[in-house]
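The values are calculated or read from the model by the stated rules, or taken from the named source; none is laboratory data. Computed from a predicted model, the values in this text were never measured in an experiment. FYI the Cβ positions are ideal-geometry reconstructions off the backbone, even for glycines, and counts take in every protein chain you see.
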C-alpha cells in the first residue's frame with residue numbers, strides 16, 4: 001500500500017510538471033504568434049502608405065504615419081526621411097507638429113545622432129511647451145550626451161507640468177545627486 005501511495009504521488013508531480021510545461025509552451029506560442037501578427041500589420045501599413053507616397057497624393061499626416069511605422073520597424077533612416085517630408089508639407093496646427101518633431105527626435109536618437117535628436121526635441125517643446133513626452137525624451141538625450149545639467153533641467157520641466165511623472169521624478173532625483181557630486185570639480189578643457 002505504501003508503494004501505491006508513492007506511485008500516485010509521483011504521478012501527480014509528473015502531471016503537474018506536464019501541465020506547467022504545456023502552459024509555458026502555450027504562452028510562448030501566443031507571444032510568438034502575436035509578434036508575427038503585429039509585424040505583418042506594420043508591413044501592410046507601410047506598403048499602403050508607401051504606395052500613396054509614390055503616387056504623389058500623400059498628405060503631411062500620411063508622411064508622418066509612414067515615418068512612425070518605419071520608426072516602429074526600426075528603419076531609422078527611412079523614418080527620418082519621411083518625418084522630414086511631413087514637416088516640409090505640414091499645413092495643420094503648429095502644436096500637432098510637435099509630435100512630428102518628437103518622432104523625428106526619437107528616430108535620430110535611436111540612430112545615435114544625439115545632437116540632431118536634441119534639436120528636434122527642443123523644437124517640439126518650443127511648439128508645445130507642455131509636451132511632457134518630448135521633455136522626457138529631451139532629458140534622456142541630454143543624459144546620453146553626458147550633459148547632466150541640461151538633462152536635470154528637462155526633467156524638472158516635466159515635473160512642472162506633471163508633478164507625479166513616474167519617468168521624470170526618479171531620473172531628476174538621480175541627476176540631482178550626480179550633478180551635486182561634480183560641483184566644484186574642475187572640468188578638463190574640450191580644446192585639448
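Values for this structure:
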{"item": "Matching option when the condition is more than 23 Å from residue 135 (Cα to Cα), in contact with a helix residue (DSSP H, G or I) (Cβ under 9 Å, 6 or more places away or on another chain), surrounded by 16 or more Cβ atoms within 10 Å (Cβ to Cβ) and touching a residue at least 24 places away in the same chain (Cβ under 8 Å), among 63, 108", "result": "63"}
{"item": "One residue from 34, 54, 40 being surrounded by fewer than 10 Cβ atoms within 10 Å (Cβ to Cβ), part of a helix (DSSP H, G or I) and at pLDDT below 90", "result": "54"}
{"item": "Among (1) without any contact (Cβ under 8 Å) to a residue 40 or more places away in the chain; (2) touching a helix residue (DSSP H, G or I) at 6+ places or on another chain (Cβ under 6 Å) - the single one residue 75 does not satisfy", "result": "(2)"}
{"item": "Which listed residue is in a helix (DSSP H, G or I) and either closer than 25 Å to residue 44 by Cα or in contact with a strand residue (DSSP E or B) (Cβ under 9 Å, 6 or more places away or on another chain) (or both), from 139, 67", "result": "67"}
{"item": "Positions within the range 78-100 being touching a helix residue (DSSP H, G or I) at 6+ places or on another chain (Cβ under 9 Å), loosely packed, with under 14 Cβ neighbours inside 10 Å and either modelled with pLDDT of 90 or more or in a loop (DSSP other than H, G, I, E, B) (or both), in sequence order", "result": "88, 91, 92"}
